[in-house]
Every structure is written in structure tokens, then in C-alpha cells.
Amino acid sequence: MSFDISLAKRRCDRLIAAHVTAGDGVTVLFGPSGIGKTSVLDMVAGLLAPDEGHVRVHGVTLFDSTTRTSVPPERRRAGYVFQDARLFPHRRVEANLRYGERLAAPAERWIDFDAVVTLLDIGQLLRRWPATLSGGEARRVAIGRALLAAPRFLLLDEPLSFLDAARRDEIARTIEDIRDRLRLPILMVTHDAAEAERLATRIVRMG
Amino acid sequence: MSFDISLAKRRCDRLIAAHVTAGDGVTVLFGPSGIGKTSVLDMVAGLLAPDEGHVRVHGVTLFDSTTRTSVPPERRRAGYVFQDARLFPHRRVEANLRYGERLAAPAERWIDFDAVVTLLDIGQLLRRWPATLSGGEARRVAIGRALLAAPRFLLLDEPLSFLDAARRDEIARTIEDIRDRLRLPILMVTHDAAEAERLATRIVRMG
Amino acid sequence: QRPPLVLAAASMQEALEDAAGAYAARGKARPVLSFAASSALARQIVAGAPADLFVSADEAWMDAVEARRLLAPGSRATLAGNRLVVIAPRATRLGALRRARDIVAALGDGRLAMADPASVPAGRYGRAALQRLGAWPALADRIAAAENVRAALALVERGAAPLGIVYATDAQASRRVRVVGRFPPASHPPIRYPVARIAASRNPEAEGFRCFLLSPAGRAILRRHGFAVP
Amino acid sequence: MLSGEEWAIVRLSLLVGGVAVAAVLPLAFALAWLLARRRFPGRVLLDALIHLPLVVPPVVTGWLLLLAFAPDGPIGAMLDRWLGVSVLFRWTGAAIAAAVMALPLMVRAIRLSIEGVDRRLVDAARTLGASRMRAFATVTLPLAIPGVLAGTVLGFARALGEFGATITFVSNVPGETRTLPIAIYSALQTPGGEAAVLRLAAISVALSLVALVVSEALARRMGRSAHVL
Amino acid sequence: MLSGEEWAIVRLSLLVGGVAVAAVLPLAFALAWLLARRRFPGRVLLDALIHLPLVVPPVVTGWLLLLAFAPDGPIGAMLDRWLGVSVLFRWTGAAIAAAVMALPLMVRAIRLSIEGVDRRLVDAARTLGASRMRAFATVTLPLAIPGVLAGTVLGFARALGEFGATITFVSNVPGETRTLPIAIYSALQTPGGEAAVLRLAAISVALSLVALVVSEALARRMGRSAHVL
Ligand SMILES: Nc1ncnc2c1ncn2[C@@H]1O[C@H](COP(=O)(O)OP(=O)(O)OP(=O)(O)O)[C@@H](O)[C@H]1O
Ligand SMILES: Nc1ncnc2c1ncn2[C@@H]1O[C@H](COP(=O)(O)OP(=O)(O)OP(=O)(O)O)[C@@H](O)[C@H]1O
Ligand code: MOO
Ligand SMILES: [Mg+2]
Ligand SMILES: [Mg+2]
């Protein structure tokens, strides 16, 4: 079982609940704005504490309210592409990309720096500061940074937003590749039906 | 002529150039990530100084490098929905929405508060602080804030990103309505071909 | 009519508070007393600040004011005198020091606390005495120069310095120190606290308080606080 | 609990500190904004000038104030001619000294906050119809509130503790310029005054504690996360 | 230009101020982080304690330091027993006084910057494999650099101007504790010393000007806009 997630969390006036059990492949979280998709990814990544439930990925328990288990985020090894880019503003693009790479064990890495740069077409941006990037450029760097951290699973929050069709296609192909060749579990949020159609092994509807 | 724009601007290693002459309706700026679409909107809004060129909207000159004209942003009356939401973090959602409305002459307003709240389905968010909004919620509030400032033209930078299909459709319908009924010139960036197809009176390709 | 404003050296604080109280007890308006370093007070007077009386800790600052013709002619008088003593912490095993050179030996590797010999009046008197008595060359770089006499006293009280030079009035007031030596009055310029009325003063009560301070009743109060009175 | 005289000193200290901080706040804000957002010739010099009261010992600052506000000094003469007032030996003078000493601390804190305000929010306000001034008042200023609060607390604390400049400038006049620190100094000059020193110092600390608690509460009420998606 | 004695005083002042600020910076940062990011019982009390040297007059701080570091004081006795050293009348004591006086200014400035650091960036660092400590060192700390610089400048300026606590604590010993402000005070106590006062004050101002220019240059080099899309 790639993802075995059952979570509940109160946020203000809203109750966020999600139940995902999925085998290999890409699981797409689908649902209207504000239903709690990002909150679910945050809870799987360990950034938001659920009120109750459990999170298991690849059979490893990352969170369980009954046993009071909660693996800290840095040991969950999630490759999280946030809805906002969250680049480190004090590091150049290259240093942003290298941030997670340097922390990962070399043996665990499954993509190298040059491949990421080529794939995302960000070679000319490496010396730039994040504040000077366009929306799509920042998004691509954020994707690269997550991939280079040698994650064991991916959390993608509308990763293809702000990107043009050609680049969308390129990155979608990479996601397919990761899904099929590396067999990394992927939990992804998208509002684009075509995108969901193309990538999803399974679609989970929220709300 | 709704838009008569001819601009050139150096940014780092890139030369951004745009020439738009468009009649009524929605002009879609289309082009790959990082080509300069946001920069063009910023120059039309008066937030970024072009190196040379001119900006005329509805026959009014907002910028002209030859005559050294540059109308300050607050008198250009652009309804700008930014690529990032840019909500004021120290004001609740309602106060964000009212910000521009209060500054506009009552006679110039063409949509009222309640209509915007209904249209964007943000009634339950009015007392919230921006930091607690989801990506799509923030985007909807940003759209509402721009519409309420009684703008004479709209600048929309991927306004429908982060929104689910139903809401996308709703807002697209509103844009059509503004285009057809109010005849406000609209300059819009999108990467979605279907969206461009549906809304564009004219498509300008950059790059 | 506001009561007169008296600018007085900080070391006179207790004695003058008492004197002001006694003056008020006679049915007069209690003068307002402002205590600070003589240097600061003199500068305020020189700048034209509206004060009535000035009590300085030494002659030099009174001279500086007088040189500018800011004193009411004929109003300058000596209010009190003081003596200079050597002190040690109460628990010291030192016997009485008879000669200035004994200070050098008694210091060990500690420092001699005193008011800044370069600038503060008490320090200048102390240096003059040590010079006259021939101990200065051996002590010059063994001094802990404090901001004022009270700070020098505190250094000895706390055992930070084994010996200190202060006024007899300060030594008398502290239970944590013991007088281990006295300087002969002739070893330094006379320690005098002059008082004078400010020329610009229009307050009729100012002269009354000045006269009270110089009267036998006023002098008795000063004597009670350990000052020498003429 | 407190004696009548202690109460009077506390009231005076609060008056002096409060008036000083309140009066100098707009100036501090304006200077902070200039230093944070404008590039002009002489900027570093202005910056240095503002830091001056921090760098030179307080007694020197007090002396320079005395020279300036003396009846024949540049400011003193003007005050006398136009308003017929003098600040020497008056609480107003103590407030001026406190304000001057607090200024650099306030400017720095406010400047730090202004530099942290996202200019893109100001841009957004402009496109919504706000003039430069209005955008400043409705966006930059409220978002710099943490710095204003921090600066106010620092400045008020400094004002509560200000001693050297005050006593040099306006002396130690009971009821007018004998603020807490000056009363403490007086007690320190008195044999056996240690108990009074500690008592007065404890009062100072209590006052600053109250100021801190109030500012923290305000910060919590006004402080919204300055981050937007 | 400067006399030999003046040079010695300048060197000593730089040593004292530099060592004080450098030594207290890690502590200031730790305290700032605690106050900015943690909620714990006694938080406001800690905050008040840090502000103490600002609120009580410097001479009282100096007096309390003397009580603590005197041979029979709690810290003085320990230093003597374990290390066989004493800071009394030594430049190390002057540095301690300067550090204590600079601490509240540094903590406030750094805290303000830390509070401005977007926690979402720290979250991002954590998901990329950084422990809490590493995220702090690689994200929070560098993004708080403006506050660290501002705090360092404020603290250094305060150290350059510190007078009351230093002279009360470690006296005025040429070559050990006679820093610039103490030399200035001495001159101010002497009738006719005004020229020397102004000369020494000008040197202080020049030093702080250099410190400001350096810090501005550093800020420009290190200061990246703290905003991300
Ligand atoms: N402040 C800046 N300094 C230097 N270069 C910048 C700055 N802002 C943007 N750029 C560069 O200018 C170019 C145009 O940026 P712009 O944001 O206009 O692109 P865009 O077409 O909107 O892209 P996207 O679709 O990714 O949002 C990009 O290469 C970007 O990196
Ligand atoms: N810090 C917070 N405090 C209170 N409520 C919050 C907070 N963050 C998010 N919420 C609310 O929780 C709900 C779920 O938010 P979340 O960001 O998970 O939505 P989402 O499904 O990702 O939406 P979108 O597609 O618009 O990004 C929303 O109603 C949101 O307003
Ligand atoms: O540093 Mo001061 O002169 O004691 O306030
Ligand atoms: Mg979301
Ligand atoms: Mg863009």
C-alpha cells in the first residue's frame, strides 16, 4: 500500500477529513477550493498536526494518533512542491536546488542536478535570486528543489500552475516517468481535469 | 482603441518587448514562462517603468517615453489581479475587499459589494484573516478586491489558477459579462488554451 | 512666589536636606535642592539657567562661575570644610597607617580606590597629599579612579580595593569600612565648600537661606554630618 | 505601599517618559522611513547623527542640550522670543533629554520593520487607488507596527532609565526633573542609601514590566502574520 | 592627528566594544529566538530581565555588577576559585559592563527580525531534510541578518558610549578601563576641559560612523529581499 491515510482536523469553522488508501502510482486529490487539499498534504508532510488519524506511506507509519507517533518532517522524506513556491530568498537559485540534495544520502538520490536543470530548463537561472524570478520560473525551481532532496514519495500541490503548455507537458511526462520507473508514490492536487485524467492512477474526491 | 501598447524593457539578461493594439474585448497575452507577461502588466499598471514606448488605454495616454508622461498608478484605474494574491495581511477579508471600493467615486462603481461576494462565494470568509485562506480562497478575494475598486480596465494575471472547474466557469462567465456588457478593456494572461479560446477577443503571442 | 532653587554638590546632600528642613521649621519656604556633580551644576549656571544659590564641592568650579561675573558680589563664603582619610574594609587586619608610604605596602597587589585624581575634587586633593608626602610616584599607576567619592567608597566596601581615600564625612557614614589613616590638613590645599548667590537671582528668600547656612544653627547641622566648620 | 514622595517621582517619570516617547514617535517614524526607503546624499550622515546620542556619553549629550537650550543658545533664544518659555530645570527639559536619548533606539526598530514590509503590497494599494501617502498610512505604517511597538518599548525603557543627559541638562529638581533614575542617583550618594536605591530600582523595573506586558498584549492584538500567499 | 594617549584610548575602546558585542551576540541571538518563537512560563519575566540594564540607571547596573563580581560576590568568588582571575579594574570588566548594557538593544533588534521570518520557509527546509536546528541555522538565522546587523550597530554604539556602568563597576584605570566615554567624562569634570571633550567626542562619532558605513555595506551585500512569490 503506497498511501494509507485517514485524517481529521478542525480548522476554524471547517472540518477537514480525508481517507486515502492507494496502491502504486499517482493519487490525485480533487475537490473544490478551500475543501482541505493543502491541509492534507501538510499533515502528510508533518507540517500540520492532525487531530486524529494515521498516515502510512509504503507501510511506514509517519503519524498515528492512537500510538502518539509523529515522525518529524525532516525524516519523512517527502518531496513537497508547495502551492506557493517558498524558495529561500537569501539563496540563489542554485543554492535553493542544492539545499535538499546536500542533506540527502548520496545512495538515496535518484536524479542528479544536471538532469533536473535540463528537465526544467532553468540553466540560465542558476545565478539568479528568487525575488527576480517570474511565477513560472519560481515554480520550476521549487519542483527541482523537491526532486533533488531524494524523496521517497512526492506531494505535489498544483505543481503545473503558472506553466505554459509545453513545459506542463514536459513535467507531466517526468511525473509519469517517476511513477512508472521509480515507482514512487505520488499524492497530487490539481484542478485540471485533463491533467488528472492523464496522470492519475486513482482519483480521490474531497468534499 | 482599447489598448495601444508598445513597450521595451531590459530585465537582467532579457529584453522584454510587447506590442499590443486591440479594440474592445479581452486581449490574452500568451507565451512561455518567463517571457515577460507579468512585466507587461506591471508596466501598464504603472508599477514598473518601461525603458521606452507608450501605453494608451481607451485613448488616454498613461505612459509615453517621448513626452516623459507617466500617470501614477493610483490614477490609472487599473483593476489588477496579480499573479500572487497580495492581500493585505493586516486587514480582514472584508477590509481587503473594501480597500479600493472606499477610494473609488461612488458614481464610477459598476459592481457592488454583495454582488462580488455572491459571485465569488466568499461570504463565509469575510471575517477571516488572509493568512488563513487557502490558495483558491485568496485568489477569489483578490479578484473581488480588484473589481470593487471601480477600475476602467482589467489586468488579469492567470486569474483562474488555483480554482476548481465550477468556480473557473463562474468567473469566466463574469469576465465575459464584463467584456460584453460593460465593455471594459481586459488584458489577461493565461496558459490555458481552452480558457484563452473561450474568452479572448484577440490573442497576442509573446516570444 | 516660588521657593529658592539651590544647586548643590552631591556630597552635601544629607547635610543640606537637614538644613533645609530646619529652615522650613522656622516658618520659611523650604528651598528646593538640586544635587549633582559640581561640574554639571556650574555649567548649568554658566549657561544661564535660573538658579538662586550654588554650593560647590571645591573652589575651582566656584571660581569658574565667578570668572564670568555670575555671582552676586560679596555673596561668596566658605560653608564647610572636610578632611581626607584612608579607609579599609571593616574586617581588615591592617593596623593604623602612620606614613603615606605605608599605603604602598598595605596595598599588596590591589588598587587604591579614590575619586578620579584628574578631575574630581576629592581625587585632586588626594593626589596633592600623596605628592606632598612622596608616595604618589609609587601609587600613580595603582589607582582605581572612581566617578566620585561614593563610588570609591563602594569599591572598598565591597572588597574590590583593599584601601581607599575618601572624605571623613563619607567614612563616618559607612559601617562597612574603617579609617586606617588620616592626611594632615597641611598636605593638600584646604578642602572647602563655597556657597554663593547667583547674580541673576531675584528670589528674596535666597539670601535668607544662605545666611541661615552660615549662621551658628546652620553650621551646627553641618558639623553633625561630619563637616569641619570654620 | 509607596510613600507620597515616591508616588510623585513615579508620576513624574511616567509623565516625562510618556511625553518624550509620544512626542518623538512621529519624528522617529519619519526618519526611519527616510532611512529605510529613500536613497539620498547625506543618508549615512543623517544615520550617524541619529545614532549620536547613543555613541557619545549621555553627559555630553546633556551638555550639548544645555548649550542649545540656554537662554542665549540657538533653540533657547527662539523658545524665549516666540513662546516666552524656558525648559531649563523643567520637566519639559527632562522630556527633551529622554526623547533625544530614546530617538536612536526607536528609529532603528521602526526602520527594521519598515524594511521588512513587502513593497508588492504597497504596489497593490497603489493600483487600488491609494496615493503614495495613503498607501504609506494604510499599508506600510500598520505593517510596521511591530517595530513601532518595539521601538516604543525600548524608547520608554531608555527614558525611564535616562540619567546622565537629564541631570547634566536640567539638574535634579524635585518635582520637575528628579525622575526615578535621578532619585536613585541621589540615594546612591547618601550613606546607607542602598535600601532606597533597591526600592526605587524595583519600582523602575515594575514600571517597565507593565510597559512590556502592555506592548506584548498590543502586539498580539495588532500583530497579524505579515505573510500572504 | 591623534596623540599617543588618544590612540591608546581609541584602541582600548574598540577592543572593549568589539569583544563585548562579539561575545554577547550568540547569547543575544538565543534570547531573541526564545522570545520570538517560544511560549513558556516566565517569558515576560525574562523579557523584563533583559530590559533591566536599559531601565535602571547605568550607575546602578554598574553597582550591581560590582556586587556580583567583587571578590566576595557570587560570580567574583567563582571566577577566583576556578580560574583564578578577577575582572575588576580590567578591560575584561569594562567589556562585561558594555555587553550587559548592549544586550537589550541587540535582543530587541534581532527578535524583531526573527519575528519577521516567514515560518513557511522553515517548514520548507524541514521537508527538505533539515532538522529543527539546521533549519534554524540555514534559514531563520540568515534571514534575521538585518536584525543582527542593526543590533550589532546599536550594541556597538552603546558600548562606545557606555559610561555610567563602566566607571562604577571597574573604575577609570588608564590602559585598562579608560575608554573614550570615561576619558570624556574626566575632561568634562575639569574646568576648561571643553576642548578636550569635543575632540574626544568627535573621535567617538568618527568611530561610530565607520561602524555604520561598514554595517550598511554588509547589509547591502547580505540583504536579499525577504519576499518570495
Ligand atoms: N526584479 C527582476 N530583476 C531581474 N529580472 C527580473 C525581475 N523580475 C522579473 N525578471 C525576469 O524578467 C523576465 C520576465 O518576467 P515576468 O515575470 O514578466 O515573466 P512572465 O512572462 O510573467 O512569466 P510567468 O509566466 O512564469 O509568470 C523573467 O526572465 C524574469 O526572470
Ligand atoms: N491557518 C488557518 N487557520 C484557519 N483556517 C485555515 C487555516 N489555513 C487554512 N484554513 C482553512 O482550511 C480550509 C482548507 O484549506 P486548504 O488550504 O487545505 O484548502 P485547499 O483545498 O488546498 O484549497 P485551494 O484549492 O483553494 O488551495 C479552508 O477553508 C481554509 O480557509
Ligand atoms: O551612561 Mo549614564 O551617563 O550613567 O546615563
Ligand atoms: Mg490549497
Ligand atoms: Mg508572470
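Filter the stretch C:194-219 down to the residues that are among the hydrophobic types (A, V, I, L, M, F, W, C) and either open to solvent by 30 Å² or more (accessible area, probe 1.4 Å) or touching a Gly at 6+ places or on another chain (Cβ under 6 Å) (or both) and list them by number. Walk me through how you get there before you give the answer.
Just the residues of the stretch C:194-219 that are among the hydrophobic types (A, V, I, L, M, F, W, C), to begin with: C:195-196, C:198-200, C:206, C:209, C:211-214, C:217.
Hits for the stretch C:194-219 are C:Ala199, C:Ala200, C:Cys211, C:Phe212, C:Leu214, C:Ala217.
Name the one entry in A:Arg168, A:Arg173, A:Arg202 that is modelled with pLDDT of 90 or more and over 17 Å from A:Gly25 (Cβ atoms).
Working: A:Arg173 fails: over 17 Å from A:Gly25 (Cβ atoms); A:Arg202 fails: over 17 Å from A:Gly25 (Cβ atoms).
None of the others qualify; the one that does is A:Arg168.
Please identify the pairs in which a residue from the stretch E:98-120 that is free of Cβ contacts under 8 Å to residues at least 12 places away in the same chain has its Cβ atom under 6 Å from the Cβ atom of a residue that is away from ligand 3 (no atom under 16 Å from the Cβ), counting only partners at least 6 apart or on another chain.
Here the result reads E:Arg120/A:Arg86, each pair linking the stretch E:98-120 to a residue that is away from ligand 3 (no atom under 16 Å from the Cβ).
Given the criterion in contact with a Ser or Thr (Cβ under 9 Å, 6 or more places away or on another chain), in a helix (DSSP H, G or I), closer than 27 Å to C:Leu33 by Cα and among the aromatic types (Phe, Trp, Tyr), identify the matching residue among D:Trp33, D:Trp63. Don't jump to the end; show me each part of the working.
Numbers: D:Trp33 fails: closer than 27 Å to C:Leu33 by Cα.
Exactly one residue qualifies, and that residue is D:Trp63.
Test of understanding: among E:Leu12, E:Leu46, which residue is in contact with a helix residue (DSSP H, G or I) (Cβ under 9 Å, 6 or more places away or on another chain) and either within 16 Å of ligand 3 (Cβ to nearest atom) or under 26 Å from C:Glu147 (Cα atoms) (or both)?
Details: E:Leu46 fails: either within 16 Å of ligand 3 (Cβ to nearest atom) or under 26 Å from C:Glu147 (Cα atoms) (or both).
Just one listed residue meets the conditions, E:Leu12.
Please enumerate the residues belonging to the stretch E:96-116 that are more than 7 Å from chain D (Cβ to nearest Cβ), crowded, with 24+ Cβ neighbours inside 10 Å and either farther than 23 Å from E:Trp63 by Cβ or in contact with a strand residue (DSSP E or B) (Cβ under 8 Å, 6 or more places away or on another chain) (or both).
Answer for the stretch E:96-116, where residues must be more than 7 Å from chain D (Cβ to nearest Cβ), crowded, with 24+ Cβ neighbours inside 10 Å and either farther than 23 Å from E:Trp63 by Cβ or in contact with a strand residue (DSSP E or B) (Cβ under 8 Å, 6 or more places away or on another chain) (or both): E:Ile110, E:Arg111.
Take B:Val81 and decide whether it is within 14 Å of chain A (Cβ to nearest Cβ), crowded, with 21+ Cβ neighbours inside 10 Å and either among the hydroxyl-bearing types (Ser, Thr, Tyr) or over 30 Å from A:Ala165 (Cβ atoms) (or both). Walk me through how you get there before you give the answer.
Numbers: within 14 Å of chain A (Cβ to nearest Cβ): yes; crowded, with 21+ Cβ neighbours inside 10 Å: yes; either among the hydroxyl-bearing types (Ser, Thr, Tyr) or over 30 Å from A:Ala165 (Cβ atoms) (or both): no.
Considered against the rule, which asks whether it is within 14 Å of chain A (Cβ to nearest Cβ), crowded, with 21+ Cβ neighbours inside 10 Å and either among the hydroxyl-bearing types (Ser, Thr, Tyr) or over 30 Å from A:Ala165 (Cβ atoms) (or both), B:Val81 comes out as no.
If a residue counts only when it is under 12 Å from C:Val195 (Cβ atoms) and out of contact with any Gly (no Cβ under 7 Å at 6 or more places or on another chain), which strands (runs of 3 or more DSSP E) contained entirely in the stretch C:5-76 have at least 1 such residues? Step through it out loud before you land on a result.
On the way: elements: C:5-9, C:32-36, C:53-55.
Result: C:5-9, C:53-55.
Quick check, is E:Asp80 surrounded by fewer than 24 Cβ atoms within 10 Å (Cβ to Cβ) and farther than 30 Å from C:Ala161 by Cα? Let's see the steps before the verdict.
Numbers: surrounded by fewer than 24 Cβ atoms within 10 Å (Cβ to Cβ): yes; farther than 30 Å from C:Ala161 by Cα: no.
No.
Does any residue in the stretch E:162-191 that is under 19 Å from C:Val156 (Cβ atoms) come within less than 7 Å, Cβ to Cβ, of a residue that is acidic (Asp, Glu) and open to solvent by 10 Å² or more (accessible area, probe 1.4 Å) six or more places away or on a different chain, and which pairs are these?
E:Ile167/C:Glu147; E:Thr168/C:Glu147
Across the stretch A:42-73, what is the total count of residues that are within 24 Å of A:Gly23 (Cα to Cα) and charged (D, E, K, R)?
Qualifying residue count, the stretch A:42-73: 4.
Within the stretch D:192-209, is there a residue that is more than 27 Å from D:Pro104 (Cβ to Cβ), more than 8 Å from every other protein chain (Cβ to nearest Cβ) and part of a loop (DSSP other than H, G, I, E, B)?
Pass one, the stretch D:192-209, residues more than 27 Å from D:Pro104 (Cβ to Cβ): D:192-199, D:202.
Pick out the ones that are also more than 8 Å from every other protein chain (Cβ to nearest Cβ) and you get D:193-196, D:198-199, D:202.
Among the residues that remain, those that are also part of a loop (DSSP other than H, G, I, E, B) are: D:193.
Yes, that holds for at least one residue.
Give the residue that is modelled with the lowest pLDDT, with candidates limited to residues of the stretch A:1-58 that are polar (S, T, N, Q) and within 15 Å of ligand 4 (Cβ to nearest atom).
A:Ser33
Can you name the number of the only condition in (1) away from ligand 4 (no atom under 16 Å from the Cβ); (2) of a type in the set (A, V, I, L, M); (3) touching a residue at least 12 places away in the same chain (Cβ under 8 Å) that B:Val141 fails?
Here B:Val141 meets the rest and fails (1).
For the subset of the stretch E:181-202 comprising residues that are open to solvent by less than 20 Å² (accessible area, probe 1.4 Å) and farther than 20 Å from C:Met114 by Cα, which member is farthest from the chain's Cα centre (by Cα)?
Among those that are open to solvent by less than 20 Å² (accessible area, probe 1.4 Å) and farther than 20 Å from C:Met114 by Cα, it is E:Gly193.
Could you look through the stretch A:181-207, keep only residues that are within 17 Å of B:Arg168 (Cβ to Cβ) and touching a helix residue (DSSP H, G or I) at 6+ places or on another chain (Cβ under 8 Å), and pick out the one that is farthest from ligand 3 (Cβ to nearest atom)?
Checked the stretch A:181-207; the qualifying residue farthest from ligand 3 (Cβ to nearest atom) is A:Ala193.
With the condition kept exactly as written, say whether any residue in the stretch A:94-103 is within 14 Å of chain B (Cβ to nearest Cβ) and either more than 16 Å from ligand 4 (Cβ to nearest atom) or more than 16 Å from the chain's Cα centre (by Cα) (or both). Don't jump to the end; show me each part of the working.
To start, the set of residues in the stretch A:94-103 that are within 14 Å of chain B (Cβ to nearest Cβ) comprises none.
No, the conditions are met nowhere in the stretch A:94-103.
Determine whether E:Ser208 is in contact with a Leu (Cβ under 7 Å, 6 or more places away or on another chain), among the hydroxyl-bearing types (Ser, Thr, Tyr) and within 30 Å of D:Leu121 (Cβ to Cβ).
Values: in contact with a Leu (Cβ under 7 Å, 6 or more places away or on another chain): yes; among the hydroxyl-bearing types (Ser, Thr, Tyr): yes; within 30 Å of D:Leu121 (Cβ to Cβ): no.
When the stated conditions are applied, E:Ser208 does not pass them.
Given the criteria among the small types (Gly, Ala, Ser) and under 20 Å from E:Leu2 (Cβ atoms), does E:Ala211 qualify?
Taking the combined requirement at face value, the residue satisfies it.
Pairs needed: first member in the stretch A:22-34, more than 16 Å from A:Ser6 (Cβ to Cβ); second member anywhere, in a loop (DSSP other than H, G, I, E, B) and among the acidic types (Asp, Glu); C-beta distance under 7 Å; at least 6 residues apart or different chains.
Cβ pairs passing all conditions: A:Pro32/B:Asp164; A:Ser33/B:Asp164.
Conditions (1) acidic (Asp, Glu); (2) over 18 Å from B:Thr174 (Cβ atoms); (3) within 16 Å of ligand 3 (Cβ to nearest atom); (4) out of contact with any helix residue (DSSP H, G or I) (no Cβ under 8 Å at 6 or more places or on another chain), marked per residue:
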position	(1), (2), (3), (4)
B:Glu108	yes, yes, no, yes
B:Arg128	no, yes, no, no
B:Gly135	no, yes, no, no
B:Arg139	no, no, no, yes
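Which ones in the stretch B:118-144 are of a type in the set (A, V, I, L, M) and crowded, with 21+ Cβ neighbours inside 10 Å? Explain how you work it out, then say what you get.
Pass one, the stretch B:118-144, residues of a type in the set (A, V, I, L, M): B:119-120, B:122, B:125-126, B:131, B:133, B:138, B:141-143.
Listed by number, the residues that qualify are B:Leu120, B:Ile122, B:Leu125, B:Leu133, B:Ala138, B:Val141, B:Ala142, B:Ile143.
List the number of the failed condition for A:Asp51; all other conditions in (1) within 16 Å of ligand 2 (Cβ to nearest atom); (2) within 28 Å of A:Gly144 (Cβ to Cβ); (3) open to solvent by 50 Å² or more (accessible area, probe 1.4 Å) hold.
All conditions are met except number (2).
If you go through the stretch C:13-39 one residue at a time, how many are closer than 19 Å to D:Arg90 by Cα and open to solvent by 30 Å² or more (accessible area, probe 1.4 Å)?
Looking only at the stretch C:13-39, we keep the residues that are closer than 19 Å to D:Arg90 by Cα, and these are C:30-37.
Okay, now just the ones that are also open to solvent by 30 Å² or more (accessible area, probe 1.4 Å), so C:30, C:32.
Here the count works out to 2.
The values are calculated or read from the model by the stated rules, or taken from the named source; none is laboratory data. What you see is a predicted model; the values in this text were computed from it and never measured. Virtual Cβ from ideal backbone geometry, glycine too; neighbours counted across all protein chains shown. These area figures cover heavy atoms from the full protein model, side chains too; ligands, DNA and RNA do not enter into them. Shrake-Rupley method; radii C 1.70, N 1.55, O 1.52, S 1.80 Å.
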